[in-house]
Structures are given as C-alpha cells and as structure tokens.
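A.B. asks: Here it is, the structure in full.
Nothing in this text is a laboratory measurement; each read-out follows from the coordinates by a stated rule. Treat the numbers as computed from the prediction; the structure is a model and nothing was measured. Counting neighbours? That spans all protein chains shown, and the Cβs are built from the backbone with ideal geometry, glycine included.
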C-alpha cells in the first residue's frame, strides 16, 4: 500500500513539474525532490510505465510521454498560460488545454502535406473547428507502437 502511494505521488510530481516547466523531470530531479536514491526513483518510473501512467524512452529511463504532454519536441506545440508545451499527437494537442483548464493557441503540422495549421481553444471549444483529425490505428492498438501512433 505504501508503495502505491509513492507511485501516485511521483506521478503527481511529474505532472506538476511539466505544468511549471513544460518538460518532465529527470529521474535525478524526482529522486532529489522525494529524498530517494536514483534507483528507487527509477523503479517508481518503471512502475508508472508498466501501469501506462507514463511512457518511458526505450533506451533510458526518461519520460517520453506523460499524456497529453510530450517529453520531446514534436510538430504539435501548444501555447498556454504564457508557456509552450509539446503534445504527442493531434489528440493530445487538444488534451493539453483540457488538462491545464485554460485557453490555448496550437501550432501543428498536417502529417501528410507538412502544411502548418493553427488552432485556437477558447472557453473549451476549438474556434476554427471545421477540421478533422485522422487516427491511422484504432485506440485498442495504440500501445502496439505508441510512438508511431
């Protein structure tokens, strides 16, 4: 039970850190915040990954995705509260204003044509909402290859 509490406290810290800094904390930053060893923080990150609460980079223990936030630069930039966040995909670019409970301007790129597009979310609505988002895979298959999805 105590370990479960630590897992969710770390998840809360990760999201608060992203909200404040626009990037996920490193394992060392998380360890320092909680007074843990790097190994203990690493195990908590891995447990969050196993529970699909975070998605870690394959080669290192770094947060690649804390949905809807991306841990790396992408073509989906969300400008909100005077900061710029990266989203993982078109779905997540709309999730960031919802998660932050704020208005936003979104700069994105059409995947097929590389054309830029700008959306505005105001009062929980997309103001230029005559666009469609296409998902190449059904939701049930997203975790088959989450980075591609």
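A.B. asks: Averaged across orientations, what area in nm² does the convex hull of the alpha carbons in region 70-144 project?
C.D. replies: The directionally averaged projection comes out at 5.5 nm².
A.B. asks: Just grab the label-to-label distance for residue 50 and residue 111, each label 7 Å out from Cα along the Cβ direction, in nm (one decimal).
C.D. replies: Simple spin-label model gives 3.1 nm for this pair.
A.B. asks: May I ask for the Rg/Rh ratio of region 29-68, computed from Cα atoms with Rh as the Kirkwood radius, given to two decimals?
C.D. replies: Ratio value, two decimals: 0.97.
A.B. asks: Once you keep just the Cα pairs under 8 angstrom separated by 6 or more residues, what percentage relative contact order results for the chain?
C.D. replies: 13
A.B. asks: OK, next. To make sure I understand, if each residue's beta carbon is the centre and we count other beta carbons within 10 Å, what order do 37, 70 fall in, fewest to most?
C.D. replies: In order of increasing Cβ crowding within 10 Å: 37, 70.
A.B. asks: If the viscosity is 1.002 mPa s and the temperature 20 °C, what Stokes-Einstein diffusion coefficient in µm²/s follows for region 2-58 when Rh is the Kirkwood radius over Cα pairs?
C.D. replies: Diffusion coefficient, whole number: 191 µm²/s.
A.B. asks: Relative contact order for region 6-68 using alpha-carbon pairs under 8 Å, separation at least 6, rounded to a whole percent?
C.D. replies: 28 percent.
A.B. asks: Here's another thing I want to ask about it. Roughly what angle does helix 38-50 make with the longest principal axis of the chain, taking Cα atoms, 0 to 90 degrees, to the nearest 10?
C.D. replies: Helix 38-50 sits at roughly 50 degrees to that axis.
A.B. asks: Something else about it: Just from its helices, what would the mean residue ellipticity at 222 nm be for the chain, if runs of 4 or more DSSP H residues each count -39500 (n - 2.57) and the sum is divided by every residue, rounded to the nearest 500 deg cm²/dmol?
C.D. replies: -11000 deg cm²/dmol
A.B. asks: How far, in nm, would the chain grow between residue 38 and residue 6 when pulled straight, counting 0.36 nm per residue and subtracting the alpha carbon separation?
C.D. replies: That works out to 10.1 nm of additional length.
A.B. asks: Does anyone have the angle between helix 2-21 and the longest principal axis of the chain? Alpha-carbon axes, 0 to 90°, nearest 10?
C.D. replies: 40
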